[in-house]
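The values are calculated or read from the model by the stated rules, or taken from the named source; none is laboratory data. Computed from a prediction, not measured in an experiment: that's the story for all the values here. Every residue, glycine among them, receives a Cβ derived from its backbone with ideal geometry; neighbour counts consider all protein chains shown.
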Number of protein chains: 4
Amino acid sequence: MPIRPGDRVLFYIDPKRRFVQVIREGGILGTDKGFVRHEEVIGREIGESVMTSKGVRVHLLRPLPVDFLASMKRATQVIYPKDVSLIAYLAGVTEGSKVLEGGVGTGHVTAVLAYLVGESGKVYAVDIDETKLRKAAENLERLGLAKRVVFVKRDVREGVDERDFDASILDIPDPWNAIKAVYDSLKLGSPLVAFLPTVNQVEKTVTSMRELFVDIHVYEVLLREYIVSEEGTRPSPRMTGHTGYIVFGRKILP
Amino acid sequence: MPIRPGDRVLFYIDPKRRFVQVIREGGILGTDKGFVRHEEVIGREIGESVMTSKGVRVHLLRPLPVDFLASMKRATQVIYPKDVSLIAYLAGVTEGSKVLEGGVGTGHVTAVLAYLVGESGKVYAVDIDETKLRKAAENLERLGLAKRVVFVKRDVREGVDERDFDASILDIPDPWNAIKAVYDSLKLGSPLVAFLPTVNQVEKTVTSMRELFVDIHVYEVLLREYIVSEEGTRPSPRMTGHTGYIVFGRKILP
Amino acid sequence: MPIRPGDRVLFYIDPKRRFVQVIREGGILGTDKGFVRHEEVIGREIGESVMTSKGVRVHLLRPLPVDFLASMKRATQVIYPKDVSLIAYLAGVTEGSKVLEGGVGTGHVTAVLAYLVGESGKVYAVDIDETKLRKAAENLERLGLAKRVVFVKRDVREGVDERDFDASILDIPDPWNAIKAVYDSLKLGSPLVAFLPTVNQVEKTVTSMRELFVDIHVYEVLLREYIVSEEGTRPSPRMTGHTGYIVFGRKILP
Amino acid sequence: MPIRPGDRVLFYIDPKRRFVQVIREGGILGTDKGFVRHEEVIGREIGESVMTSKGVRVHLLRPLPVDFLASMKRATQVIYPKDVSLIAYLAGVTEGSKVLEGGVGTGHVTAVLAYLVGESGKVYAVDIDETKLRKAAENLERLGLAKRVVFVKRDVREGVDERDFDASILDIPDPWNAIKAVYDSLKLGSPLVAFLPTVNQVEKTVTSMRELFVDIHVYEVLLREYIVSEEGTRPSPRMTGHTGYIVFGRKILP
């Protein structure tokens, strides 16, 4: 099926140069390796490649969740793919899930959740910061996922009106202050997953969950990337030393 | 909504004692902490708890992907949650995805994929080993996910008839021998993800992918679990040192 | 130089079977792979091998610090080689060093320190627990290193009489209560290194050091072992997930 | 004992600003935080502090091995403290050790070895590259450790005249080509430790050692640093993802 205006395309040059754009008449991709006019792309197939104005090859690919970050305007600290993937998995998010997200950040987690809940699911993205909400909404719009998200300007610690969530994700500095409110909104047996940079936040969050949740676990993901080249195979010398801890638990009747 | 016969329930006692069962009249859960008759569970809500015959509390929970392993009869080495979550994420599996899985193992990855593709998606689980296929099918049946899976007895290295897969997952010892066949079955631009225990397998796989795939990456996930208790917070002394490497790439026109 | 009675020899069968013994007339090494009479060893060279009574090859080697643990009767939790090596390095222990050790444990750290300080150095091993001191002394005796150690039964938190230490190592549960006493005993500019299992201990220790020490750092060592075999190369599936954190600082005039 | 001309002093401002200098009349330390005249330092005690011309506090400390890198002019890739500490420990280097070092690099490992062998020990630092040898010698001179080192311009793969080494450290790209020569120079039972960036080098090295060495192990050290601050405690976001693998073995009669 040939690429048409309105399609989302990943322009892939190399690991550092990956750009998701919505194709439109007169559109243009500008990079330090040259530009590509969208009109050269229209009518081609995903998987084909074109050349930039500087003669550098650009692969036309279908955007995957792993590319979402690359298409976002970052308003704040983001949650990395290594963490988002485990968060979404632990939360069991899938087709039809109704998910509460407290703290939208840049919208990266929101986008992955929206991708996973499908047409019949819904993400309630709650934040007190209007600017963040707007930026996140723009980012979701750009990915074509905005219609699966309800953006709610509100302090998640004071609760939301919506009930019966299948899962809740918290990315706020003090989740222990939101535990009761989130608890009330979750279906019985459903998971809460919180993302936290410091050990002290983890301790407070876990302590606040003790009576209301079971199967409480704290995880940290370390991701190593490997380089396979003619000189041999070895781990990349660059590695993210720390992003945050992931706290998991399931709502019970106390 | 009260628990009824036919429902799948996670009986959760502690992190080591978690059992997924299909509730049926006359059913019984037996554990070293005592037993629970299913009839005591029928009519209760998810999130409530019951006592075993030995007076130990059992929480009734909704099974999540993270519990799938606990409900499986293991035929072989399994792929761990830390890896499955990243594999599914990299592959971009979601509602409606058509996924090729070469090498079913115990069916753990199959189950997570089936969970994510939803009602409209489909997993083609291909294996040369009839016994493994049957065990995997039984495991999927137990989880209520079997109808989303087509089990195919075949050597994936010789190709499959089906075409236009949105993603392909390989868990076989020599993926480099299946690269061409998998390539032919994938949609243009779609991802291949392989799971491999040794560095040597990684090298051969990556080398065999060079002309046919781009955005090739090799990852390894190290998962740390933390203990929060009255004595303080620290990483668990137990940690899985290694499971395997994850190789990722996206199909292009060469 | 042939092995003689009184020599210390490492009997090495495989990574799990390594035994340091002092050779003596009539001595015998007993293992589940058979026994070896010391008289078969006397007169041989280090680097040669003998057979056990069951025909298993035993290499006769010179004991290195990495073997010290294998020759110890363990009274308590030990500090692992991965940590001991960094602790000794950070402390700058070498020929002639005068080292204060608060908390002897099994004597493993004591032994490595004694090995490094040489004939002209001295380790002051301080503990409140007489039993631990005696066991540590026996372990050091067995390694031929006891004469470099002064064992002191005392609460290190209440200070020691000795002054002008080149370095201090603390392996007690509450080093923050010993900081002032240790500070008084150290030479100006000299390092304190503490080993601590939990994050909370680290926080208290670092906080208590702030005015009296500079260049304060907290480290954690993760050691991976690799398996190279015909099936390929990969990290060992077994790995120690956590032992403890290492806190470092250097005494200053406040 | 007051600081005098000829003494080595660590000028410590913060973790990134640490400078080892030999104090001399008219000497000066220049930094982006201002300068310090050595004459202000002479007569003071280690552990005291002075102010730079810009009013920034500088602690006067005794240089430890962990500072050696900071005082070196780097000619090439260096081996990090996390690796040097384990290498020296595995090699059992101490007072009186006679150590063969094949491949001097910048002289960092040479310096730590020289520090540990004491007055009665000796390091034979062998390299084919005269420039590297000269730079390493200058670096050792600056640390006051040069007289414990014999610098030898030679290809270590072709062997050295000296015999009966207590330990050998290899930091060359192809240690498998030096195994036989190093084997001949080592005492029976003594350790060889090699440092290698890629898995492929590890495989070749281990394979070449199989008949001549026992207790062969391959290690990799991952070092995490932690930040303790008012915002809480967490691992540093910066971490070195990979430096190299450490191969260990002990010479036997084949």
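Which residues, taken from the stretch D:6-34, are exposed (fewer than 14 other Cβ atoms within 10 Å of the Cβ), out of contact with any Phe, Trp or Tyr (no Cβ under 6 Å at 6 or more places or on another chain), away from chain C (no Cβ under 11 Å) and not in a loop (DSSP other than H, G, I, E, B)?
Hit for the stretch D:6-34 is D:GLY30, nothing else.
Would you mind stating whether A:THR233 is more than 30 Å from B:ARG210 (Cα to Cα), among the hydroxyl-bearing types (Ser, Thr, Tyr) and buried (at least 19 other Cβ atoms within 10 Å of the Cβ)?
no
State whether one or more residues within the stretch D:82-99 are surrounded by fewer than 24 Cβ atoms within 10 Å (Cβ to Cβ), of a type in the set (Lys, Arg) and in a loop (DSSP other than H, G, I, E, B).
Checked the stretch D:82-99: no residue is surrounded by fewer than 24 Cβ atoms within 10 Å (Cβ to Cβ), of a type in the set (Lys, Arg) and in a loop (DSSP other than H, G, I, E, B).
Tell me whether the stretch B:21-34 contains one or more residues that are in contact with a Leu (Cβ under 9 Å, 6 or more places away or on another chain) and charged (D, E, K, R).
Checking the stretch B:21-34: not a single residue is in contact with a Leu (Cβ under 9 Å, 6 or more places away or on another chain) and charged (D, E, K, R).
Condition test on B:ALA114, is it within 13 Å of the chain's Cα centre (by Cα), surrounded by fewer than 19 Cβ atoms within 10 Å (Cβ to Cβ) and over 19 Å from B:ILE246 (Cα atoms)?
Criteria not met by B:ALA114.
Just checking, which of C:GLY43, C:GLY30, C:GLY6 is touching a residue at least 40 places away in the same chain (Cβ under 8 Å) and over 23 Å from D:LEU192 (Cβ atoms)?
C:GLY43
Quick one: which residue in A:VAL66, A:VAL78 is more than 12 Å from chain B (Cβ to nearest Cβ), within 30 Å of A:VAL247 (Cα to Cα) and surrounded by 18 or more Cβ atoms within 10 Å (Cβ to Cβ)?
Only one candidate passes the filter, namely A:VAL78.
One residue is enough: does the stretch C:73-88 have a residue meeting the conditions more than 12 Å from the chain's Cα centre (by Cα) and either within 21 Å of C:SER185 (Cβ to Cβ) or at pLDDT 95 or above (or both)?
For the stretch C:73-88, residues more than 12 Å from the chain's Cα centre (by Cα) and either within 21 Å of C:SER185 (Cβ to Cβ) or at pLDDT 95 or above (or both): absent.
Can you say whether A:TYR226 is within 10 Å of chain B (Cβ to nearest Cβ), under 19 Å from the mean Cα position of the chain (by Cα), hydroxyl-bearing (Ser, Thr, Tyr) and buried (at least 21 other Cβ atoms within 10 Å of the Cβ), as far as the supplied structure shows?
No, not satisfied.
Which condition number does C:VAL104 fail, the rest of (1) within 14 Å of another protein chain (Cβ to nearest Cβ); (2) more than 24 Å from C:PRO5 (Cβ to Cβ) being met?
(1)
With in a loop (DSSP other than H, G, I, E, B), surrounded by fewer than 21 Cβ atoms within 10 Å (Cβ to Cβ) and in contact (Cβ under 8 Å) with a residue 40 or more places away in the chain as the only criterion, which of D:LYS73, D:LYS54 stands out?
Exactly one of D:LYS73, D:LYS54 is in a loop (DSSP other than H, G, I, E, B), surrounded by fewer than 21 Cβ atoms within 10 Å (Cβ to Cβ) and in contact (Cβ under 8 Å) with a residue 40 or more places away in the chain, namely D:LYS73.
Could you please tell me which pairs satisfy a Cβ distance under 9 Å, a separation of 6+ or placement on different chains, a first residue in the stretch C:127-140 that is over 15 Å from C:MET72 (Cβ atoms), and a second residue that is part of a helix (DSSP H, G or I)?
What qualifies is C:ASP127/C:LEU133; C:ASP127/C:ALA136; C:ASP127/C:VAL156; C:ILE128/C:VAL156; C:ILE128/C:ARG157.
Just to verify a result, which residue in the stretch A:237-254, among those that are free of Cβ contacts under 8 Å to residues at least 40 places away in the same chain and assigned to a strand (DSSP E or B), is nearest to the other protein chains (Cβ to nearest Cβ)?
Here the residue is A:MET239.
Go through C:LEU145, C:LEU113 for me and flag whichever is closer than 30 Å to D:GLU48 by Cβ, aliphatic (A, V, I, L, M) and within 13 Å of chain D (Cβ to nearest Cβ).
Going through C:LEU145, C:LEU113 in turn, just one is closer than 30 Å to D:GLU48 by Cβ, aliphatic (A, V, I, L, M) and within 13 Å of chain D (Cβ to nearest Cβ): C:LEU113.
Name the residue, out of D:ARG234, D:ARG210, that is of a type outside the set (Ser, Thr, Tyr), over 26 Å from the mean Cα position of the chain (by Cα) and at the interface with chain A (Cβ under 9 Å from one of its Cβ atoms).
D:ARG234
Scan the stretch D:81-101 residue by residue and report those that are within 14 Å of D:PHE195 (Cα to Cα) and within 12 Å of chain C (Cβ to nearest Cβ).
Matches in the stretch D:81-101: D:PRO81, D:LYS82, D:ASP83, D:VAL84, D:SER85, D:LEU86, D:ILE87, D:ALA88, D:TYR89, D:LEU90, D:ALA91.
Going by the structure shown, is B:ASP171 at pLDDT 95 or above and surrounded by fewer than 22 Cβ atoms within 10 Å (Cβ to Cβ)?
When the stated conditions are applied, B:ASP171 does not pass them.
Could we say that A:ARG163 is of a type outside the set (S, T, N, Q), more than 9 Å from every other protein chain (Cβ to nearest Cβ) and surrounded by 18 or more Cβ atoms within 10 Å (Cβ to Cβ) here?
no
Need the failing condition index for B:VAL104 against (1) outside any loop (DSSP other than H, G, I, E, B); (2) touching a strand residue (DSSP E or B) at 6+ places or on another chain (Cβ under 6 Å), just the number.
(1) is the only condition that B:VAL104 fails.
Looking at the stretch C:181-207, which of the residues that are farther than 16 Å from C:PRO81 by Cα and among the hydrophobic types (A, V, I, L, M, F, W, C) is farthest from the other protein chains (Cβ to nearest Cβ)?
C:ALA181
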